[in-house]
1. Does A:Ile374 satisfy the condition of being within 23 Å of the chain's Cα centre (by Cα), within 23 Å of A:Leu71 (Cβ to Cβ) and at pLDDT 95 or above?
2. Can you give me the number of residues within the range A:9-35 that are facing chain B (nearest Cβ under 8 Å) and either out of contact with any helix residue (DSSP H, G or I) (no Cβ under 6 Å at 6 or more places or on another chain) or closer than 19 Å to B:Trp137 by Cβ (or both)?
3. Could you say whether any residue in the range A:395-405 is without any contact (Cβ under 8 Å) to a residue 40 or more places away in the chain, assigned to a loop (DSSP other than H, G, I, E, B) and either more than 16 Å from ligand 1 (Cβ to nearest atom) or surrounded by fewer than 21 Cβ atoms within 10 Å (Cβ to Cβ) (or both)?
4. If I filter the range B:1-55 down to residues being of a type in the set (Asp, Glu) and farther than 25 Å from A:Gln266 by Cβ, which single residue comes out as surrounded by the fewest Cβ atoms within 10 Å (Cβ to Cβ)?
5. Regarding the range A:374-388, can at least one residue be identified that is more than 14 Å from A:Ile331 (Cβ to Cβ), within 16 Å of ligand 2 (Cβ to nearest atom) and either open to solvent by 20 Å² or more (accessible area, probe 1.4 Å) or away from chain B (no Cβ under 14 Å) (or both)?
6. Can you name the number of the only condition in (1) open to solvent by 20 Å² or more (accessible area, probe 1.4 Å); (2) among the small types (Gly, Ala, Ser); (3) within 7 Å of chain A (Cβ to nearest Cβ) that B:Gly132 fails?
7. Looking at the range A:401-415, can you tell me whether even one residue there is out of contact with any Leu (no Cβ under 9 Å at 6 or more places or on another chain), of a type outside the set (S, T, N, Q) and more than 9 Å from ligand 2 (Cβ to nearest atom)?
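The values are calculated or read from the model by the stated rules, or taken from the named source; none is laboratory data. The model shown is predicted, which means the values in this text are computed figures rather than measured ones. Ideal geometry is used to build each Cβ from the backbone, glycine not excepted, and the neighbour counts take in all protein chains shown. Just so you know, the surface numbers come from the protein's heavy atoms only, side chains and all, with ligands and any DNA or RNA stripped out. Shrake-Rupley method; radii C 1.70, N 1.55, O 1.52, S 1.80 Å.
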Amino acid sequence: MYKYDSYDQAMVDARVAEFRDQVRRRLDGSLAEEQFRPLRLMNGLYLQLHAYMLRVAVPYGTLNSAQMTMLGDIADKYDRGYGHFTTRQNIQYNWIKLEEAPDILADLAKVEMHAIQTSGNCIRNTTSDQYAGAIADEVVDPRPYAELIRQWSTFHPEFSFLPRKFKMAVIASDTDRAAMRLHDIGIQIVRNDAGELGAAFYVGGGMGRTPMIAPCINAFVPIDQMITYSEACLRVYNRHGRRDNKYKARIKILVHELGKDEYTRQVEAEFAHLLTQNIEPPLAELERIKAQFADPPFEIALDETVDRSDPDFAVWLDNNVQVHKAPGYAIVTISLKPVGGIPGDASADQIRLMARLAKRYSFDELRVTHAQNIVLPHVRKADLHAVWQQLDEAGLGTPNLDKIGDIIACPGLDYCSLANARSIPVAQKISERFAGREQEIGELKLKISGCINACGHHHAGHIGILGVDRKGVENYQLLLGGSEGADTSLGTITGPGFNEEGIVDAVEKATSVYLANRQDGERFLDTYRRIGMAPFKDAIYAKDAV
Amino acid sequence: MVETQLRFRDDEPAGDPAVTVDSFGEQTNASAVRIEPGDDARVLLPHLDRIRLVEVNFPVFGDGRGYSAARILREAGYAGELRAVGDVLIDQLAFLRRCGFDSFAPEHPLNAADAEAALARYPEVYSPTVDGRPAIWAKRHGLA
Ligand code: HEM
Ligand code: SF4
C-alpha cells in the first residue's frame, strides 16, 4: 500500500491548516457563504437537509487497518456512530458540525487521509478495481497509476474551477469492475504486442440526467505520457466545456457536441504541445510508487481445501468469496447489505471489527467497492471460516454479493437536498421482500437513485429505480437492462411510475417474468436481453396482478 | 480602473489601457490587451513580442477558463505582465500564481495578511506548471 513520505504528509497538514483558517474566516463573517461554499466543497463538506455532510476520500478504495479504525472512531466522535460507504469508494458522515470539521480533517491527516477534492468542480478522487492486486486477470495492479493521478490532480492549479465535477477511474483488466466507461475519463492499463504498457483513454462517460458510455479516444498512450495526455484532455475541456448550463457542463456533453473525432483531434493537438512542457513525472516515480504496491509476502504450499460442512458458511462461500491469484488465498467481500438495512452503512463497531480482521487475516488491507461493500483482499483459505464466523456475529455475514439484496442506493430524500424521493426505504423494502429468495433469483444488480442525478447508478442496474416528483408526490420509475462493466448498457424505462408499494410489486413481477422464462444458466440480464422488454411490460402493467 | 493590489514584478507597469482581443488585432500599436473567459488566448501568440500587459478577467471566480489562458500564454514564452482582474479572491491566489499571473487587481480589495498567508500556504507542489517551481517528484528523484 502507498505510504506517505514527508512531502505527502506536508500537503495534507497544510490543507488542514488552510481549512481551519477558512472556517475561522467563515465563522467570523469575513468570508461570505457564497465564497466559502466552493472552499468547503473542495474539502468534501456539503450542507444537507439536516446537517453538514463530510465526504472523506479513500483513494482507489484502498485502506489499511489504522485508517479503517480511524474511520470508525470518527463515526463515534463526530457523527452518530455510523459511516456510509459510497459508490465512489469513499465514506460519508451525515451529521457533522462545521466547527468540528477542521478537527476531523486533522484526525484523518494522522492516518494519511484527507477529504481533498471529494466535491467541487475539480478532479475528484480517482477510483479503481476493488480486486486490484488480488485478482488473476489484471495486466498489472492499476493502483500505482491511480496514485500517480491522485498526486497530479491534487491542487491542480489549472483544473480546480472546471465547468463541472470530474471523475476518473483506472482499471487494468478486461473485466471492468469499476464502471470505468461511466466516468469522465476511464483509463484501462493495457499491454501491447511488444509487451509495453500503455493507457487506453475512454473519455466522456457519465450518468446523471444524460447518461453516456465513454468512447475510446486513444487505445494506447505510452505509459510515460499518461499524465500529459490527461492534462490535454482536461485542458480542452476546461477551455471549451459549457458553462452556460450546469446540466450540460460535464465533459460528456462536450465530447458529444463536438463529436468524438473533433474532440480527439483537439486533445491530440494539445497533447503534442504539452509534450514539449516536461510535465510528466519520470518513470522512476512510477517505480517508486509501484514498489509500495508489491504483493504482500504470500505463504506458499498452503492448504487449498475448505471445509464446507457448515451449510450457512457454504452459502456465504459461494456468494462472497472470489478466486485469488495466489494459491491458498481467497478474496472476501463483506456485504454491507443486511436484510432491511441501509445499503453501505456500517456502525463504528463494525468498521473497527473489519479493521481488526484485515490486520489479522488480510495483510492489513481493505477495499471499498463501488457497490458499497468492503473487501478483505488477501485471506488464507484456511482462515475463511474464522473470518466468516466473526463477521456473522457482527451482522456482516450476509451472503448476497451481486444478488437482489445487494442494492446500491443513494442517500435520497432522507438526507439529500436535491432528492425527489426516498431511496433508502425502498431499498429496505425490496431487500425484505426478497429475503430467502436471493439464491434462487441469482445475479441481479438493483440500483436506486432518489433523483435524476443518478448517484445510485440506476441507469446501470439490471433493474434500476429512479425517484421522480409527480405533482408533489414521491413516485418511482422502473428501468430494466442496464449494466456496467465489459458489457456496459443503459437501462430502459418500463413505462408509467409507481408509488412506494407499487415499485416493490413491480420488481417482484419483473423477477417472476425472468424466473418463468430463464434458460439454463441465464442471469436476469441475459433473459431480458434475449426476450426484450415486452413480456416484462405486459406483466408489470397487467390489470390483474401476478 | 480597479487598482492593482499585488504585483510580483520590478518593471514599470504598462501605461496603455487594455483593449479587447477583437480590437487588438486591428490596433497594431496596442500593447495591452484584456482577455474575457470566452476568448481564445492563442490568437495572441503571433503578437507576443509587442504585448506588455495581458489582463485576464474573472467575471465570477468559478469560471476557470482564465487559468488555461494564462498558462497557454506563458507556455508560449510570454514574459510581460499577466494580471488577474475581477472576482479574484484570497483562496484562488496560489492557483493563479502557479498559472503564471504576476499581478492582481481584485474588484474588492483583499485582506493583505490573509493574502500573504494563502500564497505561502503550500511549501511544495505536486505538478510542474509555468511558475518554475519544481514538482515534488523532481525533488524526490534529485531532478531539482
Ligand atoms: C447527499 C448528497 C449528494 C448530492 C447533493 C449529490 C449530487 C450529485 C449531483 C448533482 C450529481 C449529478 C452531476 C452531473 O450529472 O453533473 C451527482 C452524480 C453522482 N453522484 Fe452524487 N450527490 C450526493 C451523494 C452521493 C453519494 C452518497 C454518492 C455515492 C453513493 C454519490 C455518487 C454519485 C455518482 C456515482 C454520480 C453519477 C456519476 C456521474 O457523475 O456521472 N453521490 N451527484
Ligand atoms: S441521486 Fe439525487 S437524491 Fe440521490 S443523492 Fe444524488 S442528488 Fe441526492
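1. On the way: within 23 Å of the chain's Cα centre (by Cα): yes; within 23 Å of A:Leu71 (Cβ to Cβ): yes; at pLDDT 95 or above: yes.
Criteria met by A:Ile374.
2. So the first thing to find is which residues in the range A:9-35 are facing chain B (nearest Cβ under 8 Å), and the list is A:10-11, A:14, A:17-18, A:21-22, A:25, A:30, A:35.
Add one more test, that the residue is either out of contact with any helix residue (DSSP H, G or I) (no Cβ under 6 Å at 6 or more places or on another chain) or closer than 19 Å to B:Trp137 by Cβ (or both), and what stays is A:10-11, A:14, A:17-18, A:21, A:25, A:30, A:35.
Total meeting the criteria: 9.
3. First, pick out the residues of the range A:395-405 that are without any contact (Cβ under 8 Å) to a residue 40 or more places away in the chain: none.
Scanning the range A:395-405 turns up no residue that is without any contact (Cβ under 8 Å) to a residue 40 or more places away in the chain, assigned to a loop (DSSP other than H, G, I, E, B) and either more than 16 Å from ligand 1 (Cβ to nearest atom) or surrounded by fewer than 21 Cβ atoms within 10 Å (Cβ to Cβ) (or both).
4. That would be B:Asp10.
5. Filtering the range A:374-388 for residues more than 14 Å from A:Ile331 (Cβ to Cβ) gives A:382, A:385-386.
If we keep only those that are within 16 Å of ligand 2 (Cβ to nearest atom) as well, we get none.
No, the range A:374-388 contains no residue that is more than 14 Å from A:Ile331 (Cβ to Cβ), within 16 Å of ligand 2 (Cβ to nearest atom) and either open to solvent by 20 Å² or more (accessible area, probe 1.4 Å) or away from chain B (no Cβ under 14 Å) (or both).
6. Failing condition for B:Gly132: (3).
7. Within the range A:401-415 (the criterion being out of contact with any Leu (no Cβ under 9 Å at 6 or more places or on another chain), of a type outside the set (S, T, N, Q) and more than 9 Å from ligand 2 (Cβ to nearest atom)), the answer is yes, since at least one residue qualifies.
For every residue, the table says whether it meets (1) among the aromatic types (Phe, Trp, Tyr); (2) assigned to a helix (DSSP H, G or I); (3) away from every other protein chain (no Cβ under 12 Å).
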| position | (1), (2), (3) |
| --- | --- |
| A:Glu257 | no, yes, yes |
| A:Arg265 | no, yes, yes |
| A:Glu270 | no, yes, no |
| A:Ile279 | no, no, no |
| A:Leu286 | no, yes, no |
| A:Ile300 | no, no, yes |
